[in-house]
Amino acid sequence: MPKTRVAVIGAGWWAAENHIPVLQSRPDVEVSAVCRLGREELRRVQDKFAIPYGTEDYRELLTREKPDGVVISSPHNLHYEHALAALESGVHVMCEKPMVLRASEARHLVSVAHSRNLHFLIPYGWNYTDYAQEARQIMHRGEIGNVEHVLCYMGSAVRELFSGGGAWFTEKAFFKPQASTWSDPNHGGGFAHGQLTHALALLFWMTGLEPAEVFALMGHSRTGSDLYNAISCRFTNEATGMLGGAATMPPRSTYQVDIRIFGSEGMLLLDIERPRLEVRLHDGRVHSFATQQKAGAYSCVEPVHAFVDLIQGNPVENRSPGWLGAKVVEVIDAAFRSAKTGRVEPVAN
């Protein structure tokens, strides 16, 4: 049986640390081509991972190699251009977060992928955990009743990364993160696109809530990227929400993600820092669910495997599809507009 051929566009820090090694751990996958800028850097990544074809031109890669799937881990502001080119070439896409920077771009990519019957996956690692799947099933069964209010908070230790400096967790990395990708607000740098996107994707995957309007306040780094987000949200079912977090935990801190969903029959609590999933009902019943996850940990292995399995037609669930990424982008897009205008802003046109 021929191997599934996957190419990588944007072979920088995270592709070298995670995506390429995970892909090459599968005997049924060939990482057939790689694209990145910089001839020396391109040679290094080809040599390290024994990738036969490399180029600085993503169009050349798509035309010449015709892969089955492509992993896009280029700078944030290039995701739309690269993902659209891949989809228009008939290639399945796994696109790193943030999916894109603008709501209109996100909706367009979803439309193109749907029209061409192509898979589109954003590798939101927490969506593939056991507790996320259990929480989604609890919500779909309606155990806590109608959702009336939500809290979605995330904290991480990335102040320097979003301020134009290095990152403590990349000290031994093969490639260092590109500073402008993470700290230049014009390139999608900052906490909302770089971190909060994970927690929002988890919230919306669990609940299916449709955001209607937001009001946002933000605090910024010395480069102008957002370090703090305080977003008030109203959903289409009239539920309210508090969304946001902070990028400035002390170095070497584990992740904090705290999602609390308040319903007419009770509440659901999901905590990633101290792994727990709990349902508390108004009638006094309390249900706790065991998890194998480590405290405050994040892994992006399962989404990569899911992407390959989807391409191969295996019976797996895409727990981070394009429509979910688009919903997250819509909220963040509206939040940035609100922080600029000082007004409540609609989430979608």
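Read-outs throughout are calculated quantities, based only on the coordinates presented, and are distinct from any laboratory measurement. The shown structure was predicted, so the numbers you read here are calculated from the model rather than taken from an experiment. When we count neighbours, we look across all protein chains shown, and the Cβ atoms used for this are built from the backbone with ideal geometry, even at glycine.
FRET efficiency for the ASP283 to ARG343 pair, using the beta carbon distance and R₀ = 35 Å, is estimated at 0.25.
Hey, what angle do you get for helix 302-312 against the long axis of the chain, alpha-carbon based, 0 to 90 degrees rounded to 10? Around 60 degrees separate the two axes. Taking amide H positions as modeled 1.01 Å from N, with prolines and chain starts lacking one, the residues under 5 Å from LEU121 and 5 or more places away or on another chain are VAL93, MET94, CYS95. Computed from phi, the 3J(HN,Hα) profile of the stretch 67-80 under the Karplus parametrisation 6.51, -1.76, 1.60 (θ = phi - 60°) reads x, 6, x, 10, 9, 10, 9, 7, x, 3, 6, 9, 4, 4 Hz, with x in place of Gly and Pro. Counting 0.36 nm for each residue step from ALA290 to LYS3 and taking away their Cα separation leaves a gain of 99.6 nm.
Taking the helices alone, the chain has a mean residue ellipticity at 222 nm of -9000 deg cm²/dmol, built from -39,500 (n - 2.57) per DSSP H run of at least 4 residues and averaged over all its residues. Given +1 at the Cβ of Lys and Arg, -1 at the Cβ of Asp and Glu and no other charges, the dipole of the chain around its Cα centre is 440 debye to the nearest 20.
In debye to the nearest 20, how big a dipole does the stretch 119-227 give about its Cα centre with +1 on each Lys and Arg Cβ and -1 on each Asp and Glu Cβ?
Values: 6 positive and 10 negative charges, 75 e Å.
Dipole size: approximately 360 debye.
Sequence-ordered 3J(HN,Hα) estimates for the stretch 231-244 from the Karplus curve with 6.51, -1.76 and 1.60 and θ = phi - 60° stand at 10, 8, 9, 10, 9, 5, 8, 6, 5, 10, x, 10, 10, x Hz, glycine and proline given as x.
Protection proxy ranking for 222-228, 150-156, 197-203, using the average of other Cβ atoms within 10 Å per residue and placing the highest first: 197-203, 150-156, 222-228.
Relative contact order of the stretch 53-169, please, whole-number percent, based on alpha carbon pairs below 8 angstrom and at least 6 residues apart. Walk me through the intermediate numbers first.
Working: 101 pairs, mean separation 20.5, N = 117.
Rounded, it is 18 percent for the stretch 53-169.
Look at the alpha carbon pairs under 8 Å that are at least 6 residues apart: their mean separation over the length of the chain gives a relative contact order of 20 percent.
Using the average count of surrounding beta-carbon atoms within 10 Å as a protection proxy, the listed peptides 262-271, 310-319 rank, highest first, as 262-271, 310-319. Using the average count of surrounding beta-carbon atoms within 10 Å as a protection proxy, the listed peptides 132-142, 105-115 rank, highest first, as 105-115, 132-142. Restricting the calculation to Cα atoms, the stretch 1-151 shows an Rg/Rh of 1.04 when the hydrodynamic-style radius is the Kirkwood one. Sites listed here are trypsin sites (Lys or Arg not before Pro) in the stretch 1-96 whose DSSP assignment is loop and whose Cβ has at most 15 other Cβ atoms within 10 Å: LYS3. By the Stokes-Einstein formula, at 1.002 mPa s and 20 °C, the chain with its Kirkwood radius over alpha-carbon pairs has D equal to 104 µm²/s.
Rounded to the nearest Hz, the phi-derived 3J(HN,Hα) couplings of the stretch 219-230 under the Karplus curve 6.51 cos²θ - 1.76 cosθ + 1.60 (θ = phi - 60°) are x, 10, 7, 5, 8, x, 6, 7, 9, 10, 10, 10, where x marks glycine and proline.
Work out the FRET efficiency for SER264 and ARG39 from their Cβ-Cβ distance, taking R0 = 41 Å, and round it to the nearest 0.05. Kindly include the intermediate steps, with their values, before the conclusion.
On the way: r = 60 Å, r/R0 = 1.47.
In this case the efficiency is close to 0.10.
In this structure, the amide hydrogen of ARG5, modeled 1.01 Å from its nitrogen in the peptide plane, lies closer than 5 angstrom to those of GLU30, ASP68, GLY69, counting only residues at least 5 positions away or on a different chain.
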